[in-house]
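Some notes on the structure that comes next.
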Amino acid sequence: MKLATRKSKDRDGELLVVSRDLQTAILTQGIAPNLQYALDHWSDVAPQLQKLSDELNAGKAKDTFAFEEEKMHSPLPRSYQWVDGSAYLNHVELVRKARGAEMPKEFLTDPLMYQGCSDSFLAPRDPILMESEEWGIDFESEVAVITDDVPMGVDAESALKHIRLIYLVNDVSLRNLIPQELGKGFGFLNSKPPSAFSPVAVTPDELGSSWKDGKLHLALRTDLNGKFFGKPNAGIDMQFNFGQLVAHAAKTRPLAAGTIVGSGTISNKDRSVGSSCLAEIRMLEIIESGKPSTPFMKFGDEVKIWMDDTAGKSIFGTIQQKVKKYERM
């Protein structure tokens with residue numbers, strides 16, 4: 001099934017079941033007021049939501065309405081926890097190579113992961129508000145999963161069973177703030193502002209054979225200012241699958257229902273498919289010519305992120321965001 005959250009006066013929005021073709025939707029009133037509630041009570045709520053989804057896709061549901069992506073929030077407008085990995089080592093290796101550093105051997109066996117801000121996500125059509133272009137504004141096109149309650153110390157195979165929903169994310173990064181923050185030896189804070197997620201989140205069964213071995217084997221598409229930027233396959237060159245990423249996050253702590261775990265920037269060794277962030281393009285330019293020529297995002301720039309199924313139909317809807325100047329009140 002496919003789920004979405006419509007913006008409302010309530011900061012957690014209204015939960016919707018969305019048709020497979022993203023054309024119609026229905027409110028889940030009486031079953032679950034919002035997605036966090038559904039995740040907290042998944043074993044009881046999921047069968048009812050699935051029945052509603054089956055009726056909707058069969059054209060038998062009542063009180064349906066047109067699904068309008070621009071009225072949607074991120075499926076979870078806020079979350080108890082958002083952690084993002086870096087599962088595509090091609091991306092990590094390029095970044096380190098550009099500054100003349102070797103990739104540590106432990107990166108092959110131990111995932112990189114940081115904890116981002118999760119108290120207020122951006123909606124998929126919200127602008128990216130920034131005070132300064134000098135911060136090095138970048139997008140990162142990624143896949144993410146939402147879990148139910150995950151016990152501490154879970155193994156990777158068991159962790160896969162705790163994945164309830166899958167969707168896309170634009171993990172906004174401020175590249176020029178990162179070096180100084182990491183230099184302090186205490187991780188990201190100012191360099192990782194709120195992220196935006198796709199309008200729709202889907203259950204693993206909805207993806208069919210494209211969801212295999214804890215990976216989503218489809219191309220993640222990114223356009224920048226209306227031009228092709230990249231279409232790397234999310235199932236290729238992924239060193240750690242989502243079971244391993246969830247297990248890593250839960251190594252020393254249980255994860256509450258509604259925890260979001262990201263894949264990190266999708267990156268393939270095949271350069272013909274393009275990239276999923278500006279930093280990677282800049283790293284390739286540094287490696288080739290000694291300096292970057294591609295600028296980071298400027299005010300007015302627009303990024304578009306989406307994923308099609310094998311029939312060419314959008315699965316999760318579209319993240320489409322413009323960078324705008326933030327004016328303090």
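Read-outs throughout are calculated quantities, based only on the coordinates presented, and are distinct from any laboratory measurement. Treat the numbers as computed from the prediction; the structure is a model and nothing was measured. Please note: Cβ atoms are built from the backbone with ideal geometry, for glycine as well, and neighbour counts cover all protein chains shown.
Per-residue Karplus couplings for the range 119-126, computed as 6.51 cos²θ - 1.76 cosθ + 1.60 with θ equal to phi - 60°, are listed in order as 6, 7, 7, 7, 6, x, 10, 5 Hz, Gly and Pro entered as x. Rounded to the nearest 0.05, the FRET efficiency derived from the C-beta distance between residue 41 and residue 271 at R0 = 51 Å is 0.65.
Placing dummy labels 7 Å off each Cα toward the beta-carbon, the span from residue 106 to residue 156 is 1.8 nm.
Multiplying the residue separation of residue 302 and residue 96 by 0.36 nm and subtracting their alpha-carbon distance yields 71.4 nm. Taking Cα atoms only, the orientation of helix 89-98 departs from the longest principal axis of the chain by about 30 degrees. Scoring 89-95, 314-320 by mean Cβ neighbours within 10 Å over their residues and listing the highest first yields 314-320, 89-95.
Report the chymotrypsin sites (Phe, Trp or Tyr not before Pro) located in the range 12-86 that are in a DSSP loop and have at most 16 other Cβ atoms inside 10 Å of their Cβ, or state none.
When the chymotrypsin sites (Phe, Trp or Tyr not before Pro) of the range 12-86 are filtered for loop state and at most 16 Cβ neighbours within 10 Å, 80 remain.
With R₀ fixed at 51 Å, the C-beta to C-beta distance from residue 313 to residue 252 puts the FRET efficiency at about 0.80. Structural descriptor for the chain: relative contact order 23 percent, calculated from alpha carbon pairs under 8 angstrom and at least 6 residues apart.
Of the residues 15, 35, 129, the one that moves most in a GNM of the chain with alpha-carbon contacts below 10 Å is 129.
The C-alpha atoms of the range 234-274 occupy a region whose extents along the principal axes are 40, 17, 12 Å, arranged from largest to smallest. Between 243, 30, 230, the residue with the greatest mean-square fluctuation in the GNM of the chain (Cα pairs under 10 Å linked by springs) is 30.
Note on residue 133 and residue 327: the model spin-label points, each 7 Å out from Cα along the C-beta direction, lie 1.8 nm apart. Helix 42-57 axis versus longest C-alpha principal axis of the chain: approximately 80°, rounded to the nearest ten.
Students often check this: by mean Cβ neighbours within 10 Å, which of 150-157, 302-309 ranks highest, and how do the rest follow?
Per-residue mean Cβ counts within 10 Å order the peptides as 302-309, 150-157.
Between residue 117 and residue 227, residue separation times 0.36 nm minus the direct Cα-Cα distance comes to 36.6 nm. Couplings 3J(HN,Hα) for the range 165-179, derived from phi with the Karplus relation 6.51 cos²θ - 1.76 cosθ + 1.60 (θ = phi - 60°), are 9, 10, 7, 10, 9, 9, 8, 5, 10, 10, 5, 6, 8, 5, x Hz, where x marks Gly and Pro. Distance between the C-alpha centres of the range 290-329 and the range 196-266: 17 Å, rounded to the whole angstrom. 3J(HN,Hα) along the range 71-78, derived from phi through the Karplus expression 6.51 cos²θ - 1.76 cosθ + 1.60 where θ = phi - 60°, amounts to 9, 8, 8, 4, x, 10, x, 8 Hz, with x in place of Gly and Pro. Using r as the Cβ-Cβ distance of residue 12 and residue 288, and R0 as 51 Å, what FRET efficiency do you calculate, to the nearest 0.05? In this case the efficiency is close to 0.60.
Taking the chain as a Gaussian network of alpha-carbon nodes connected by springs under 10 Å, the highest mean-square fluctuation of the residues 204, 124, 292 belongs to 292.
For the listed peptides 191-202, 217-228, a ranking on the average number of other beta carbons within 10 Å per residue, highest first, reads 191-202, 217-228. Checking every one of the GluC sites (Glu not before Pro) in the range 1-92 against DSSP loop status and a limit of 16 other Cβ atoms within 10 Å picks out 68.
The local environment of residue 296, defined by Cβ-Cβ distances under 10 Å, has a net charge of -1 under the rule Lys, Arg +1 and Asp, Glu -1.
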